[in-house]
Amino acid sequence: MKKGKDLFTENLGKKPREPISNTNLLMTITICTFIGMYMIAMLVWGGGFLNPQQFLDLFNNNAFLVIIACGLTMIMISGGIDISGGGVTALVTMACVVYLEDHGGTVAGSILLALGIGLFFGLLHGILVAYLEIQPFIVTLAGMFFARGMVTIVSIAPRTASHEAFLNLKQMRITIPGLGYYGKTGIFIPAQIELGVVIALIVVIAVAIILKWTRFGRNLYAVGGNSHSALTLGINVKRTKFYAYLLAGILSGIGGYVYLLHTGAGDAANATQAEMQAIASNIIGGTLLTGGVGNVIGTLFGMLSLKTITNIVIASGLTKPYYQSITTGLMLCFFILLQSVILAVREKGAIGLLPEWLRPGKKDKNQS
Amino acid sequence: MGSLIKKLTRSQLTIPLFALFLLVVYNLIRDPEFFSIAIATNNDGNTVLTGNLISILNGASAVAILSIGMTLITSSCKGQDISVAAVAAIAGSVFVSVLRSNEITIPVLLLAFLFSCVVSVLFSLFNGVLVAIFKIQPMIATLILFSAGRSIAYWINGGATPTVSSPLITSIGGFIPGIPIPTPIIIMVVFLILITLVLRLTNLGLYTQVVGINEGTAHLNGISPVWIKLTAFIISGVCVATAGCITVCRIGLINHETLLLDAEMDVILSVAIGGNALSGGKFNIYGSVIGAYIIQALTVTLYAMKVPSAAVKAYKAIVIIVIVVFSSPVVKDFVIRMYKKLFKKQPEDEVQAKAA
């Protein structure tokens, strides 16, 4: 039995290869599945899948979902859950359209309004969950009900934005140099992304940086992994949870505005079931609801996988909507079982079954 | 007096009952006639009871039955089943498809119910196996059927919304001739009595709580957590089939998209409002049932106040937040501390007054 310090200095010289962590393993599986799936789709169905614009449309159509899911990733890592994302999105779209149309608002004002709504929900959830210790499921469920109800109080009829400055912003497209496709007439049409995609990517990178390199991010993993240990280590558990909900609320507000930039309309039926799709993206991306494990890059690829499978189902001729939800369910089932089996095998240390890089670290065994 | 207060602060039923009481009092002040029950004759010529109270009890019966199963799942698995409404749609579809392929008589009706029970128990067991054996969080495991369930119901129905009509069906969804109380209320009461008997006569209730509080201890004491969890899911499956069939009988058709829409959220809410911890452990079935009635009473009250139906959710959310804030342990502790402080200070003040 060696003392910790000896082990440390010994390892400093050799630097053995670190065994891959649960977070990275689950994320790697998701990324590989997505790339594999897309490759197969390109080979089998070709057509639309070879078109770069269709790939970018995955982003264009779902930028808001990525943003909501990023906030959810932080909450899920801290061991909580948020099912209010879709409701807040719908409320933001409706409130901003009504503000722009009926109250002579400006674009900057509407952005502030979106952020304000997000901030309100984040504060509400944060205080109730972190400081009053109410179950997050119930709090965010009430938040969802409140947001969905408020949408119809703001306006029952669906509204469309016709504000000039806003429409200019909405129609802003960013052309990707070098990518594109030849239309039917043989003209080269460059591939384009919307402004929302840029925002979504910035959010993904920012959240990834927060999770990886800031004290708050590391605290999140500690709190989600074991909140008692985190407390004894001197981490302010309540404040960490509070900030997670606050940030997720603000991200929901941004997500709502991005949704508005995509569709330009406020409707009570906007973003229905977005919260469940966000949860599904997180699960496929390898974030565990139990907390302590997860990564925002995985969430992005989880969302892409979820939407690609829908495209594949449509491309293979099963256009009825119920095939799509059944395949979504099957895909979720596959990933959930895969994760469960992998984690169970790693925990039990059934070493014979796994290649070396998958095995749990030997350091733990030496010490015990 | 002191022991009564202690008992009240400890009982999980205090706050739900108090909330229900407040709702009733508010309605009585607003409209003294609100809870009056009238005797009327319906279209079929039966004497029936009508009134807001009856419609509250009647409307909540499906959610109340679902919340019984949800309570057991919540207690043993430390999580919630969000697929109950989707599975109820499947059970309802099976029920209707059996009824439509036969002439509707009482044996056929029972057979159809049995069939839908078997199907929903099987789907529930699918969730149960994921939760109990593969150790997946219940909410995530049931997300699979949440997203696929209504599509399976669509597939069973062949994409249509078939109707069933028969005097038997209307007597289950509405009134049995000669009995003035709506049948769903009777079914709900019978169901509750049956579950109470099962929990009282067997150790299931105790074992469920043990598994929910500490799985390891349960295992060491010879209780199999896997079987207890699966039993909870089986009972929930029966609840789901019953709720689905009642709802189908009430509206006379199966619409896979709208049958018990969003009921899973109401069910989980009623479990939480009933004072049950969503993190598992101790439970009280009556709390959940009271929770279901609170939600329905709230909805009926809001409708009576002429709140548009789409906006009801927002007001509901505010009331829910108020109830859960008051039942949160932190607020409870704070109130008890303040109460003690006030009561301890009084004698000191008196002593000081006497000394002066």
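The values are calculated or read from the model by the stated rules, or taken from the named source; none is laboratory data. Here the structure is a predicted model, which is why all the values come from computation and not from measurement. Don't worry about glycine lacking a Cβ; one is built from the backbone with ideal geometry, like all the others, and counts go over all protein chains shown. The area values use the complete protein model at the heavy-atom level, side chains included, leaving out ligands, DNA and RNA. Shrake-Rupley method; radii C 1.70, N 1.55, O 1.52, S 1.80 Å.
Listed values, structure above:
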read-out: Flag if B:Ala304 is at pLDDT 85 or above, more than 10 Å from chain A (Cβ to nearest Cβ) and open to solvent by less than 70 Å² (accessible area, probe 1.4 Å); value: yes
read-out: Unique match (being away from chain B (no Cβ under 14 Å), open to solvent by 50 Å² or more (accessible area, probe 1.4 Å) and aromatic (Phe, Trp, Tyr)) among A:Tyr221, A:Tyr182; value: A:Tyr182
read-out: Enumeration of residues in the stretch B:108-141 that are among the aliphatic types (A, V, I, L, M), in a helix (DSSP H, G or I) and within 10 Å of chain A (Cβ to nearest Cβ); value: B:Leu130, B:Met139, B:Ile140, B:Ala141
read-out: Filter pass, B:Gly79 being open to solvent by less than 10 Å² (accessible area, probe 1.4 Å), touching a helix residue (DSSP H, G or I) at 6+ places or on another chain (Cβ under 7 Å) and not in a helix (DSSP H, G or I); value: yes
read-out: Test: residue in the stretch B:93-111 that is closer than 29 Å to A:Leu288 by Cβ and without any contact (Cβ under 8 Å) to a residue 60 or more places away in the chain; value: no
read-out: Yes/no for B:Thr170 being within 14 Å of B:Thr247 (Cα to Cα) and open to solvent by 70 Å² or more (accessible area, probe 1.4 Å); value: yes
read-out: Hits in the stretch B:307-345 (condition: part of a loop (DSSP other than H, G, I, E, B), within 9 Å of chain A (Cβ to nearest Cβ) and modelled with pLDDT of 85 or more); value: B:Pro308
read-out: Sole exception among (1) within 14 Å of chain B (Cβ to nearest Cβ); (2) in contact with a strand residue (DSSP E or B) (Cβ under 8 Å, 6 or more places away or on another chain) for A:Ile75, by number; value: (2)
read-out: The listed residue being within 22 Å of B:Ser67 (Cβ to Cβ), of a type in the set (Phe, Trp, Tyr) and either open to solvent by less than 10 Å² (accessible area, probe 1.4 Å) or out of contact with any strand residue (DSSP E or B) (no Cβ under 8 Å at 6 or more places or on another chain) (or both), out of B:Phe113, B:Phe134; value: B:Phe113
read-out: Filter result for A:Leu330 (among the aliphatic types (A, V, I, L, M) and without any contact (Cβ under 8 Å) to a residue 40 or more places away in the chain); value: yes
read-out: Unmet criterion (only one of (1) away from chain A (no Cβ under 14 Å); (2) assigned to a loop (DSSP other than H, G, I, E, B); (3) among the small types (Gly, Ala, Ser)) for B:Ala297; value: (2)
read-out: Any hit, the stretch A:105-117, residues being out of contact with any His (no Cβ under 7 Å at 6 or more places or on another chain), within 12 Å of another protein chain (Cβ to nearest Cβ) and part of a helix (DSSP H, G or I); value: no
read-out: Tabulated pairs, the stretch B:146-157, first more than 7 Å from every other protein chain (Cβ to nearest Cβ) and open to solvent by less than 20 Å² (accessible area, probe 1.4 Å), second outside any helix (DSSP H, G or I) and at pLDDT 90 or above, C-beta under 6 angstrom, 6+ apart or interchain; value: B:Gly149/B:Ser83
read-out: Residue within the stretch B:53-67 that is within 20 Å of B:Lys282 (Cα to Cα) and part of a loop (DSSP other than H, G, I, E, B) present; value: no
read-out: Residue within the stretch A:136-156 that is away from chain B (no Cβ under 14 Å), part of a helix (DSSP H, G or I), open to solvent by 50 Å² or more (accessible area, probe 1.4 Å) and in contact with a helix residue (DSSP H, G or I) (Cβ under 6 Å, 6 or more places away or on another chain) present; value: no
read-out: Output for the stretch A:160-199, where each listed residue is assigned to a loop (DSSP other than H, G, I, E, B), over 21 Å from A:Tyr99 (Cβ atoms) and either in contact with a Leu (Cβ under 9 Å, 6 or more places away or on another chain) or of a type in the set (S, T, N, Q) (or both); value: A:Thr185
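A quick yes/no check of all residues on (1) touching a Pro at 6+ places or on another chain (Cβ under 9 Å); (2) open to solvent by 20 Å² or more (accessible area, probe 1.4 Å); (3) modelled with pLDDT of 90 or more:
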{"residue": "A:Phe242", "(1), (2), (3)": "no, yes, yes"}
{"residue": "A:Leu251", "(1), (2), (3)": "no, no, yes"}
{"residue": "A:Leu261", "(1), (2), (3)": "no, no, yes"}
{"residue": "A:Asn282", "(1), (2), (3)": "no, no, yes"}
{"residue": "A:Leu288", "(1), (2), (3)": "no, yes, no"}
{"residue": "A:Gly291", "(1), (2), (3)": "no, no, no"}
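Yes or no, residue by residue, for (1) touching a residue at least 40 places away in the same chain (Cβ under 8 Å); (2) crowded, with 21+ Cβ neighbours inside 10 Å:
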position	(1), (2)
B:Leu192	yes, no
B:Thr196	yes, no
B:Leu204	no, no
B:Gly216	no, no
B:Leu220	no, no
B:Ser236	yes, yes
B:Ala243	yes, yes
